[in-house]
Amino acid sequence: MVASLARDLMSDKEWTFFERFIVAVRAPNGRKPTNHRRVLDGIFWIARTGAPWRDLPEEFGKWSSVYRQFWRWTLAGLREQMMGALNESGAVPHALQMIDSTVVRAHHQAAGAKRETPRQGFERSSGGFTTKIHLLVNAHGLPMRTEITPGQTSDYLGFDLVMSENLPQPKVLLADRGYDADSIRNSMDDRSVQPVIPMRKSRKKRVGVDRSLCRLRNLVERCFNKLKNARRIATRYDKTAESFLGFVDITSIRLWIWNLST
């Protein structure tokens, strides 16, 4: 148990990054803040193991308190602030970027959100309920933006969600043939971005593609593999889209810090 817990504990370098954002989010009742480092370690443990909140080891504190703090940070937009700071830091070149998506199976425990709540990124298919994660990464294979949609959503829609204009714009964008659409190519032309996208067989007007650049697209696939090492991402257990996306983003931020520290 001790060795398992140690895998999730932050290093001092990691905490130095997180602390500057966390201390800016004050408790709504004005109370003295709790041990936020221990709380964050507990969230990382939940993300890695995929365990229910109630199974959180006592070493991280009371499970309900850790969950409430996770939800407060989610509603406060803390993860968006962190991702924005990393993207704008200039630590990684952004001239080359890649986009892709992956489908995640939703556990039956993820069902049951109140009927009056908005659709939570689920869709029923032959394999059950699924959610699709859309991901934009930089040349180091680090996540720049993540979004989720129902599992059967087309990649065209996912492209519009993650290619935000408030992000550093690429010079070259790599994608698979699922993004081969005139609307996407025209959008890239308007932004002075070179799209490197293999053609669909049905495309009448043929477009050249740089095969050597296409091989670099494995970086986004490897990023998905790293994210799915967190079992809370590999299988969706969360009822709300915000909570599930919170785990995706907090794991993405850890990938950034591990990469920059090495």
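The values are calculated or read from the model by the stated rules, or taken from the named source; none is laboratory data. Just so it is clear, the structure is predicted and the values come from calculations on it, not from any experiment. Glycine gets a Cβ as well: all are built from the backbone with ideal geometry, and neighbour counts include every protein chain shown. When the accessible area is computed, the model is the full protein with side chains, heavy atoms only, and any ligands, DNA or RNA have been set aside. Shrake-Rupley method; radii C 1.70, N 1.55, O 1.52, S 1.80 Å.
Rundown of residues vs (1) open to solvent by less than 10 Å² (accessible area, probe 1.4 Å); (2) charged (D, E, K, R); (3) out of contact with any Leu (no Cβ under 9 Å at 6 or more places or on another chain), yes/no style:
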{"position": "Trp45", "(1), (2), (3)": "no, no, no"}
{"position": "Val66", "(1), (2), (3)": "yes, no, no"}
{"position": "Ala76", "(1), (2), (3)": "no, no, yes"}
{"position": "Gln81", "(1), (2), (3)": "no, no, yes"}
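Identify, please: which residue in region 169-200 is assigned to a loop (DSSP other than H, G, I, E, B) and in contact with a helix residue (DSSP H, G or I) (Cβ under 6 Å, 6 or more places away or on another chain) and is, among those, most open to solvent (accessible area, probe 1.4 Å)?
Here is the first cut: in region 169-200, the residues assigned to a loop (DSSP other than H, G, I, E, B) are 169-171, 175-176, 180-181, 191-193, 197-200.
Retained after the next criterion (residues that are in contact with a helix residue (DSSP H, G or I) (Cβ under 6 Å, 6 or more places away or on another chain)): 181, 197-198, 200.
Working: Ala181: 11, Ile197: 3, Pro198: 20, Arg200: 84 Å².
Once the filter is applied, the top-ranked residue is Arg200.
What tally of residues in region 54-91 results from selecting those that are over 20 Å from the mean Cα position of the chain (by Cα) and in a helix (DSSP H, G or I)?
10
Considering region 201-227 alone, what residues qualify as being open to solvent by less than 90 Å² (accessible area, probe 1.4 Å) and over 30 Å from Arg48 (Cα atoms)?
Arg203, Val207, Gly208, Val209, Asp210, Ser212, Leu213, Cys214
Could you go through region 15-26 and let me know if any residue there is under 29 Å from Gln109 (Cα atoms) and modelled with pLDDT of 90 or more.
Within region 15-26, not a single residue is under 29 Å from Gln109 (Cα atoms) and modelled with pLDDT of 90 or more.
Within the group Arg215, Arg231, Arg222, Arg236, which residue is free of Cβ contacts under 8 Å to residues at least 60 places away in the same chain and of a type in the set (D, E, K, R)?
Just a single option satisfies the conditions, and that option is Arg215.
Yes or no: Gly128 in contact with a His (Cβ under 9 Å, 6 or more places away or on another chain), modelled with pLDDT under 90 and surrounded by fewer than 20 Cβ atoms within 10 Å (Cβ to Cβ)?
Against the criterion (in contact with a His (Cβ under 9 Å, 6 or more places away or on another chain), modelled with pLDDT under 90 and surrounded by fewer than 20 Cβ atoms within 10 Å (Cβ to Cβ)), Gly128 qualifies.
Taking region 228-239 as the search range and keeping residues that are open to solvent by 40 Å² or more (accessible area, probe 1.4 Å) and basic (Lys, Arg), which one is nearest to Val162 (Cα to Cα)?
Filtering first and then ranking leaves Lys228.
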